[in-house]
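S.K.: One structure coming up, written as structure tokens, with questions to follow.
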Amino acid sequence: MKIAFHTLGCKVNQYESEAMKEQFAAAGHEIVGEEDFADAYVINTCTVTNLADRKSRQYIRKMKKVNPGAVVAVTGCYAQVSPDEVSQIEGVNIVAGTNEKQNLLGYIEEYMAAGETQCHVKAYEELDKYQSSGLITSMESRTRAYIKIQEGCNRFCSYCIIPYARGKVRSRALAEIVEEAGGLIAKGFKELILTGINTALYGEDLGHGGIEPLIAELNNLPGDFRIRLSSLEPTVINASYVQRLLKYEKLCPHLHLSIQSGSDHVLQLMNRRYNRTAYLDIVKVLKEFDPLYGITTDIIVGFPGETEEDFADSLRIIDEVGFCKVHAFKYSPRKGTKAAELGGQISGEVKNSRSRILIEKAEADAGRFFTLCRGAKRQVLFEEISEDGLLTGYTDNYIKVYAIGENAMLNQFYNVKLLNEYKDGMKGEIVND
């Protein structure tokens, strides 16, 4: 049987699609490209916004056209939150919730034998146990590998539907994570990216000291590799928590620390359990450790009730932090969330204007960060060759670097002197010391 996958959304979905591919391949099935003719198509959906739902529906219809006789199985967050809606899309044969991905192979085989449509979606209350998908051994990238460490979230930010899609916080067994990491290192992966729905909540349900024991175990593994955290939520961690993580030498000096707004007023409306002062306390610890510590973030503009003063606070915090990258989002009401019912909804025109201003501010701030990095020597892991024939990869503090080199230097660490801003990163010169 030929199986094709299409994945939308986050790093966790990417990891889970890889796990499903390996499961299908181990059972003797052939994995083909999503544009290819296949006997079954698996769409791993996202539902973080209404736009994500629409994209999911578009891909469902698109893949059915490639082979009208194929089995179409829809899984992921959209399937979990709106199973009836997904089931009614023409051509959908199987709907499987977020806790059912490891069972898709059996469901597809059952459908091929009996031809009966299926819907396997558990209620939120039943999403309370971590479902292991086994150990993955590869990723599309040959240099960086995602490792899923936890599932679920209990923060319930007022704009976010994901806790309902992913269920309660549950952590993957530490020993299984370490075993998977060791196997990936042995396969030649040089960067392990720890990911989850809310990685900072790892271990909360296991009764130990959170993510730090896991970092300690991974840091002690033999091999030439580095560890990167995909994100840590300031809703969970604080400055002293972060301080403890800085002692692990294999942990990259880069953190995605999502703030969402620089305004205490808006943060309260969002049900984000911190304020700008607490956020800046974390930043202070990171910058004292390494003035060039890379900090990336997300900021939402046009949240219901956001005033001009609130928006100015978001602009101001960009200057105060010195981010290396800011992801700007215009608030979009998400059915089923508290924020969608709030008064003070912002017009599209105002959202567009604020988004443009924020993006300009963020780009200027990234430029200042690059300027600070000029002349610095940072460790770079080269991953591929760019269109203009240069090696490309990322520094430990998450700057994309372009440098002259050879193919044989791919998937290797080099010390690189950072020179000047170039494209979406910086040019660099490989040095021997």
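The values are calculated or read from the model by the stated rules, or taken from the named source; none is laboratory data. Since the structure is predicted, the reported quantities are computational estimates derived from the model, not experimental observations. So basically every Cβ, Gly included, is an ideal-geometry build from the backbone, and we count neighbours across all protein chains shown. Heavy atoms of the whole protein, side chains included, go into the accessibility calculation; ligands, DNA and RNA do not. Shrake-Rupley method; radii C 1.70, N 1.55, O 1.52, S 1.80 Å.
S.K.: With the checklist (1) open to solvent by 10 Å² or more (accessible area, probe 1.4 Å); (2) in a strand (DSSP E or B) in hand, flag the one item Gln268 doesn't pass.
M.R.: Going through the list (1) open to solvent by 10 Å² or more (accessible area, probe 1.4 Å); (2) in a strand (DSSP E or B), Gln268 breaks only (2).
S.K.: Something else about it: Please enumerate the residues belonging to the range 361-397 that are among the hydrophobic types (A, V, I, L, M, F, W, C) and outside any helix (DSSP H, G or I).
M.R.: Passing the criteria: Ala376, Val380, Leu381, Phe382, Ile385, Leu390, Leu391.
S.K.: Can you run down the residue pairs with Cβ atoms below 6 Å, 6 or more apart or on separate chains, where the first is in the range 415-427 and among the polar types (S, T, N, Q) and the partner is open to solvent by less than 70 Å² (accessible area, probe 1.4 Å)?
M.R.: Asn415/Val431
S.K.: Separate question: Name the residue that is farthest from Glu191 (Cα to Cα), counting only residues in the range 377-433 that are more than 28 Å from the chain's Cα centre (by Cα) and aliphatic (A, V, I, L, M).
M.R.: Leu419
S.K.: Given the structure, is Ser138 surrounded by fewer than 15 Cβ atoms within 10 Å (Cβ to Cβ) and touching a residue at least 40 places away in the same chain (Cβ under 8 Å)?
M.R.: In short, no.
S.K.: Condition test on Lys11, is it within 22 Å of Gly134 (Cβ to Cβ), at pLDDT below 95 and not aromatic (Phe, Trp, Tyr)?
M.R.: So Lys11 fits the description; yes.
S.K.: Take the residues of the range 176-217 that are within 30 Å of Gln412 (Cβ to Cβ) and small (Gly, Ala, Ser): which is most open to solvent (accessible area, probe 1.4 Å)?
M.R.: The extreme case among them is Ala186.
S.K.: In addition: Could you please tell me which pairs satisfy a Cβ distance under 6 Å, a separation of 6+ or placement on different chains, a first residue in the range 275-293 that is in a loop (DSSP other than H, G, I, E, B), and a second residue that is among the charged types (D, E, K, R)?
M.R.: Asn275/Asp264; Tyr293/Lys287
S.K.: Within the range 338-360, track down each residue that is closer than 26 Å to Arg155 by Cα and either surrounded by fewer than 18 Cβ atoms within 10 Å (Cβ to Cβ) or in contact with a helix residue (DSSP H, G or I) (Cβ under 6 Å, 6 or more places away or on another chain) (or both).
M.R.: Lys338, Ala340, Glu341, Leu342, Gly343, Gly344, Gln345
S.K.: Go through the range 62-112 and give me each residue that's open to solvent by 10 Å² or more (accessible area, probe 1.4 Å) and small (Gly, Ala, Ser).
M.R.: Gly69, Ser82, Ser87, Gly91, Gly106, listed by residue number.
S.K.: Step by step: first the residues of the range 26-61, then only those that are open to solvent by 30 Å² or more (accessible area, probe 1.4 Å) and among the aliphatic types (A, V, I, L, M), then the one that is nearest to Val12 (Cα to Cα). Which residue is that?
M.R.: Val48
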